[in-house]
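Below is one structure; the comments refer to it alone.
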Amino acid sequence: MNASEQTFHQIERALRKAAAKCPTQDDDPILTDLYLQVKQDSGELLIFDDDEQELTRCVVEEWMGNNDEDFYEKIQPLLQSIIQNNKELIDSINLLRPFSLVLTGEDHETVAELYLVDDNNIIISQELMEGLSEDLDEFWKKLAAE
């Protein structure tokens, strides 16, 4: 999905506002995840903590009234790109590890994990995990055959 510069700035500003409301490095970490909820019909982007407390919201005009069936799949690369561009900001949030930024739909159902950090491992794309189950199954079969 192509996005305007205004859309990039709106989403980045929302991430900065959410980060400002999270614990700092001086505080004990109490949060484990942040949830980005996108409402397709209204174009709203809301960011929640893991207690479902709203941290911030904005309206992305380009998303308003978008009725595409694959809307959530189309916005994932955009959100991941913005998160990656703001990695330093995200990493400055004092969250319990492992933590993730999760894309959710209007009913708070998980659509995708956009960003996952577990100590030294950072996963930005689900493509890294594709085929993992099959690889593990094959590994166990070979191990059991020996």
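For the stretch 81-109, what are the residues that are surrounded by fewer than 17 Cβ atoms within 10 Å (Cβ to Cβ) and under 14 Å from Leu46 (Cα atoms)?
Gly105, Glu106, Asp107, His108, Glu109
Mind telling me which of the residues Glu52, Glu5, Glu61 ends up being at pLDDT below 95, among the acidic types (Asp, Glu), within 16 Å of the chain's Cα centre (by Cα) and loosely packed, with under 13 Cβ neighbours inside 10 Å?
Within the list Glu52, Glu5, Glu61, the selection yields Glu52.
Being assigned to a loop (DSSP other than H, G, I, E, B) and under 26 Å from Lys21 (Cα atoms) is the filter here; which residues of the stretch 55-76 pass it?
Filtering the stretch 55-76 down to residues assigned to a loop (DSSP other than H, G, I, E, B) leaves 60, 64-70.
Scanning the stretch 55-76 gives a single hit, Val60.
Given the conditions (1) touching a helix residue (DSSP H, G or I) at 6+ places or on another chain (Cβ under 8 Å); (2) at pLDDT 80 or above; (3) polar (S, T, N, Q), and given that Ser81 satisfies all but one, which numbered condition is not satisfied?
If we test Ser81 against (1) touching a helix residue (DSSP H, G or I) at 6+ places or on another chain (Cβ under 8 Å); (2) at pLDDT 80 or above; (3) polar (S, T, N, Q), just (1) comes out false.
Filtering the stretch 64-73 down to residues that are surrounded by 15 or more Cβ atoms within 10 Å (Cβ to Cβ) and of a type outside the set (A, V, I, L, M, F, W, C), which residue is nearest to Glu113 (Cα to Cα)?
Tyr72
The values are calculated or read from the model by the stated rules, or taken from the named source; none is laboratory data. The model shown is predicted, which means the values in this text are computed figures rather than measured ones. Here Cβ is always computed from backbone atoms with ideal geometry, including for glycine, and neighbour counts include all displayed protein chains.
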